Amino acid sequence: MAKKRQEPAFAVIGGSTAYEFLTSGAIRGERLDRVDTPFGASQPVYRVEAESGPYFFMSRHGETNFDISAPFVNYRANIYALKELGVRQILSWSGAGALRDDIPVGHFVVVDDLLDFTKNRETTFFRFKGLGFMRQKDPFCPTVRSAAIAALQETGCPFADRGVYVCTEGPRLETPAEVRMFVALGGDLVGMTLCPEVFLARELEMCYASISYVTNYTEGIKDRGLKPGRLFEGLSTRREQKKVATSFKLLPELIAKVAELLLNAKPICHCQEAMRYYRRRSGVGRDWREWLNP
Ligand SMILES: [Zn+2]
């Protein structure tokens, strides 16, 4: 009798330019296709065989190009698909702009908090259900964050172990006044993707944390002239772009390391009992699919 193969409990959601790893073969895996969910089709999922064990991989913005920008990602379908596959822990990565000049471009930040400035996204699975009144003491899972921090230490990458991520709607970049506001509010980085992803994962009782890599300084942090035709229209220098490219190449090694560390990590979080209060209530089934309203 054929042995039933062990399915991964860990998944990675790759951010901008994740598709480059798929097309170059730096991340290689069995393509499991899209998952049809009540919220639409997810991005295709890959089952990657790493030395330490298998994990699932999904490119948030598309498979071969930056086809879907942040405001138009189907976050609910992607998170639902990973839950359906049995995933319990998610690590994502995302490019982000620095709101301070002492956060160097090319560095990694394991963000620990978030300010939500998105405007037009579906932010919950629980429309019309009266569910989802959840505390956000640690918006990002402490167990996965610890593994990410340990992996960055082991690989010798330059990084900060905390940071406040401001999530904007996009796809446009921030105005100078918005940057000054985000700084005044305590933001460290600004990006467009982690919200609602992090909150949707918690609603389905999955652990979620993210590694951000700094791609540029935001508007007004450094004096940069507008240069049409260049990447970020001159917001980043060629030297900074080289640093980003160097850091970016480290991501496959980093995520494999996180996968390995999580195999033996002792949970220090409560993400996987986020619905415990509701599950005790009548009318809310034990099957997570019954919690949702498409
Ligand atoms: Zn957790």
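Going through region 33-92 one residue at a time, which ones are of a type in the set (Lys, Arg) and open to solvent by 20 Å² or more (accessible area, probe 1.4 Å)? Talk me through it step by step, then tell me what you get.
Residues of region 33-92 of a type in the set (Lys, Arg): 34, 47, 60, 76, 83, 88.
Selection gives Arg34, Arg76, Lys83, Arg88.
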Please name all residue pairs, on different chains or six or more residues apart, with Cβ atoms under 6 Å, provided the first residue is in region 190-214 and is at pLDDT 95 or above and aromatic (Phe, Trp, Tyr) and the second residue is within 11 Å of the ligand (Cβ to nearest atom) and not in a helix (DSSP H, G or I). Tyr208/Ile90; Tyr208/Cys141
State all residues of region 190-217 that are under 17 Å from Asp116 (Cα atoms) and touching a Lys or Arg at 6+ places or on another chain (Cβ under 9 Å); if no residue qualifies, say none. Thr193, Cys195, Pro196, Glu197, Leu200, Ala201, Tyr208, Ala209, Ser210
Restricting attention to region 238-256, the residues that are open to solvent by 50 Å² or more (accessible area, probe 1.4 Å) and not acidic (Asp, Glu) number exactly 8
Assuming Arg180 fulfils every condition listed in (1) over 19 Å from Val258 (Cβ atoms); (2) at pLDDT 95 or above; (3) within 16 Å of the ligand (Cβ to nearest atom) apart from one, which condition is it? (3)
Looking only at region 122-140, how many residues end up being open to solvent by less than 30 Å² (accessible area, probe 1.4 Å) and within 25 Å of Ser69 (Cα to Cα)? 4
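Here's a check for you: in region 201-211, which residue that is open to solvent by less than 10 Å² (accessible area, probe 1.4 Å) and within 14 Å of the ligand (Cβ to nearest atom) is farthest from the chain's Cα centre (by Cα)? Break it down into steps so the answer makes sense when it comes.
Filtering region 201-211 down to residues open to solvent by less than 10 Å² (accessible area, probe 1.4 Å) leaves 201, 204, 206-211.
If we keep only those that are within 14 Å of the ligand (Cβ to nearest atom) too, we end up with 201, 204, 206-210.
Details: Ala201: 10, Leu204: 15, Met206: 13, Cys207: 11, Tyr208: 8, Ala209: 7, Ser210: 5 Å.
Per the criteria, the residue is Leu204.
Assess whether Val198 counts as being among the hydrophobic types (A, V, I, L, M, F, W, C) and more than 16 Å from the ligand (Cβ to nearest atom). Steps first, answer last, please.
Numbers: among the hydrophobic types (A, V, I, L, M, F, W, C): yes; more than 16 Å from the ligand (Cβ to nearest atom): no.
So Val198 does not fit the description; no.
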If you scan region 182-200, which residues turn out to be open to solvent by 10 Å² or more (accessible area, probe 1.4 Å) and touching a Phe, Trp or Tyr at 6+ places or on another chain (Cβ under 8 Å)? Asp188
Among the residues of region 39-50, is any at pLDDT 95 or above, closer than 22 Å to Arg145 by Cβ and part of a strand (DSSP E or B)? no
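In the set Val166, Val179, Val109, which member is surrounded by 15 or more Cβ atoms within 10 Å (Cβ to Cβ) and touching a helix residue (DSSP H, G or I) at 6+ places or on another chain (Cβ under 9 Å)? Spell out the reasoning first.
On the way: Val179 fails: touching a helix residue (DSSP H, G or I) at 6+ places or on another chain (Cβ under 9 Å); Val109 fails: touching a helix residue (DSSP H, G or I) at 6+ places or on another chain (Cβ under 9 Å).
Result: Val166 is the single residue among Val166, Val179, Val109 that is surrounded by 15 or more Cβ atoms within 10 Å (Cβ to Cβ) and touching a helix residue (DSSP H, G or I) at 6+ places or on another chain (Cβ under 9 Å).
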Inter-residue pairs, beta-carbon under 7 Å, first under 15 Å from Leu32 (Cα atoms) and open to solvent by 30 Å² or more (accessible area, probe 1.4 Å) and in region 1-20, second outside any helix (DSSP H, G or I) and modelled with pLDDT of 85 or more, 6+ apart: Glu7/Leu85; Glu7/Gly86
Cβ contacts < 9 Å: first residue within 9 Å of the ligand (Cβ to nearest atom), restricted to region 262-280; second residue hydroxyl-bearing (Ser, Thr, Tyr), any location; separation 6+ or different chain. Result? Pro267/Thr143; Ile268/Thr143; Ile268/Ser146; Cys269/Thr143; Cys271/Thr143; Cys271/Tyr208
A careful count of residues in region 4-33 that are in contact with a Gly (Cβ under 8 Å, 6 or more places away or on another chain) and among the acidic types (Asp, Glu) gives 1
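The values are calculated or read from the model by the stated rules, or taken from the named source; none is laboratory data. Fair warning: this is a prediction, and the values are worked out from it, not measured in the lab. All Cβ positions, glycine included, derive from the backbone under ideal geometry; neighbour counts span all protein chains shown. Calculation scope for accessible area: heavy atoms of the full protein, side chains included, ligands and nucleic acids excluded. Shrake-Rupley method; radii C 1.70, N 1.55, O 1.52, S 1.80 Å.
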